[in-house]
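Participant: Got a structure for you, written out below as structure tokens; questions coming shortly.
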Ligand code: IVH
């Protein structure tokens, strides 16, 4: 009634509640079950509707509204909170014998009773405690020293796998505490670091550090952009009679949490040991870092009987996997020259066995990395091997340093061609600027021919070496003249008529590769496949690209100064320009295909958003191209028209801001004279 007096009608109140429920459900489907039912654009539309209602009637905002995930202002200091139940740590074991000892202790202490174990992953992340009051998230806190932690609620609210309200409205769990671990998948970590590197920001050493750094950020808006996830593994509720840890995991799942599905229950310790061993072998198939398994007595009553000693429970133990760290001697530091002239220092190590493989080399990244860690030749170093990451030196064992050791001074000359090395401002690496450097010549050709680039069958590393060594090719353009030496190629070792013909056919076929692949294959520093596609979308011919300024290239949303400068530097070089002229003459594609140049849409660049009722997106794309237009995937200043279908997403907002012309489906169909039905 009160609300009605304020002029908010019941229908609107109900609509807001319905939208909140729907958005919660879609968050759960997407972030927990990974089974979305609607498109991002449809989700955005629901979210926008709720935001609009809440903007008009702020009194309708509830703390668990999905619009409130990123509502908080930056915090300077996180308030300290007391944990009602201390957050304990686990004692670690590394051997079968230790695990059996643990089992013997359990057996003795719960004399005569039957018991079961639950095995879970030991997440290598950061632990987190969540409190729910009346089913609504009220607190997110770090472990701290186990007794007191930091209140990081504003940051925690942004984690999409943390429910802001519990899924089931069961009074038994209205007021409960949930604990678990925040992790980052290795692939997300790698992507995030690549983006940071491109933006010239400091990268994180491993996923765990990046989670820890993220949770401590003062601005929840930045936290919201980080790909972190919360896995729940403990449930406490004073209002419900909980019986078994395994059952608690199922309840947590029903409440809306992400619970890892490797959790298994065993009747005896032999089963536990076999499981531990089998997971160790499979550890890299788990998408995030784990460092072992956690074994917990299943019955909560038995857990109570077993109790805790010091800071660890007697009912649980961490069974760690073989360490992926080892100490070894650094015999030498060698410089490696990449295809773009980048110099990477590589550590030559006394071979050491780490987690199943022998490691004899590790990347040292750049001069600053060596200096920061003061890594010296002859040092004893700690080498770590992560999930699918190349081994790296994480520290030096200073106590074992030789008395006469000297800091490493970075060589000034290229190890391949003896040219002077240079280091540009803002770049972490040194470069060999000699385009004739033999290592770079081979590297550039290998990159050009590689899968995902020009994909030239039969042109692998060994063949490139051979062709360069005999002087047949010197650069990528020479490949397209190779047919002139057909007879001479027969005379080379291991070559016959058929293999020569296959190679020449492979080179000929590469002329069909699309424009964006050609850009990628040129091997311009900092231009990977994604950037190449963006460039092709925004500059539809190489002539437009070569003539573009750093500022113009930077107008592409995702491209920063580092990439833009690298591109203009590449095209400013006369060798490179000459190379491109030769490749053009050879018939490679240096512009986006335009099937019918003089169509209705000639010269215009389009982006599509939303769903068209009369045709699939690919079909619409083909029609635009047939009519002489181009289709790009992202909105930028270079776009002429945005075609707007049903449930359009953020592209529409962006296009409006940039003042881009908008066409609805009707207009599009009229323009291409396409008859519906
Ligand atoms: S249970 C006493 N379960 O390990 C119970 N902890 O050394 C302790 N951890 O701070 C929590 N995976 O960050 C539990 N499946 C799991 C775990 C796990 C990782 C971490 C957690 C805790 C530390 C204890």
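Participant: Over the chain, what is the relative contact order in percent, taking alpha-carbon pairs closer than 8 angstrom and at least six residues apart? If you can, show how the numbers build up before the last one.
Facilitator: Details: 1153 pairs, mean separation 64.8, N = 677.
Relative contact order comes out at 10 percent.
Participant: By counting other Cβ atoms within 10 Å of each Cβ, how are 491, 120, 399, 433 ranked from fewest to most?
Facilitator: Working: 491 9, 120 21, 399 6, 433 14.
Ascending Cβ contact count within 10 Å gives the list 399, 491, 433, 120.
Participant: Something else: Determine by what factor the alpha-carbon radius of gyration of segment 559-677 differs from 2.2 N^0.38 Å, reporting the quotient. Display every interim value, and only then the final one.
Facilitator: Values: Rg = 17.5 Å, N = 119, 2.2 N^0.38 = 13.5 Å.
Compactness ratio reported: 1.30.
Participant: How much mean residue ellipticity at 222 nm does the chain get from its helices, if each DSSP H run of length 4 or more adds -39500 (n - 2.57) and you divide by all residues, to the nearest 500 deg cm²/dmol? Please report the intermediate quantities before stating the final value.
Facilitator: On the way: 25 runs with 239 residues, N = 677.
So the calculated ellipticity at 222 nm is -10000 deg cm²/dmol.
Participant: Using alpha carbons only, how many angstrom separate the centre of segment 175-215 from the centre of segment 278-307?
Facilitator: Between the Cα centre of segment 175-215 and that of segment 278-307, the gap is 23 Å.
Participant: Would you mind classifying segment 456-570 by shape? Square roots of the alpha carbon gyration tensor eigenvalues, ordered a ≥ b ≥ c; an a/c under 1.5 is rounded, otherwise it is prolate if a/b is larger than b/c and oblate if not.
Facilitator: Numbers: a/c = 3.12, a/b = 2.64, b/c = 1.18.
Because a/c hits 1.5 or more and a/b exceeds b/c, segment 456-570 counts as prolate.
Participant: Moving on. Compute the distance from the alpha-carbon center of segment 528-565 to that of segment 78-135, in whole Å.
Facilitator: 53 Å
Participant: By counting other Cβ atoms within 10 Å of each Cβ, how are 383, 162, 81 ranked from fewest to most? Display every interim value, and only then the final one.
Facilitator: Numbers: 383 23, 162 26, 81 19.
Taking fewest neighbouring Cβ atoms as first place, the list is 81, 383, 162.
Participant: Just how far, in whole angstrom, is segment 147-167 from segment 485-525 if you go by their alpha carbon centroids?
Facilitator: The distance from the Cα centre of segment 485-525 to that of segment 147-167 comes to 56 Å.
Participant: Applying a 10 Å radius around every beta-carbon, put 297-304, 543-550 in order of their mean neighbour count, most first.
Facilitator: Numbers: 297-304: 18.1, 543-550: 15.2.
Listed from highest to lowest mean packing, they are 297-304, 543-550.
Participant: Give me 20, 169, 160, 617 sorted ascending by neighbouring Cβ count inside 10 Å, so fewest comes first. Display every interim value, and only then the final one.
Facilitator: Details: 20 23, 169 10, 160 20, 617 15.
Final ranking by Cβ density, sparse to dense: 169, 617, 160, 20.
Participant: Highest first, please rank the peptides 309-318, 369-378 by the mean number of other Cβ atoms sitting within 10 Å of their residues.
Facilitator: Numbers: 309-318: 17.1, 369-378: 15.4.
Final packing ranking: 309-318, 369-378.
Participant: Right, another one. Using a 10 Å cut-off on Cβ atoms, rank the peptides 54-61, 335-342, 282-289 from the highest mean neighbour count down.
Facilitator: Numbers: 54-61: 13.9, 335-342: 19.4, 282-289: 16.1.
Final packing ranking: 335-342, 282-289, 54-61.
Participant: Give the shape of segment 1-92 as rounded, prolate or oblate, defined through the alpha-carbon gyration tensor: a ≥ b ≥ c are the square roots of its eigenvalues, a/c under 1.5 means rounded, and otherwise the shape is prolate if a/b is larger than b/c and oblate if not.
Facilitator: Details: a/c = 2.46, a/b = 1.49, b/c = 1.65.
The shape class here is oblate.
Participant: Here's something else I'd like to know. Is the chain rounded, prolate or oblate when judged by the Cα gyration tensor, a ≥ b ≥ c being the square roots of its eigenvalues, rounded requiring a/c under 1.5 and prolate requiring a/b larger than b/c?
Facilitator: Numbers: a/c = 2.20, a/b = 1.24, b/c = 1.78.
Here the chain falls in the oblate category.
Coordinate-derived values only; no laboratory data. Because the structure is predicted, anything quoted here is derived from the model rather than measured. Here Cβ is always computed from backbone atoms with ideal geometry, including for glycine, and neighbour counts include all displayed protein chains.
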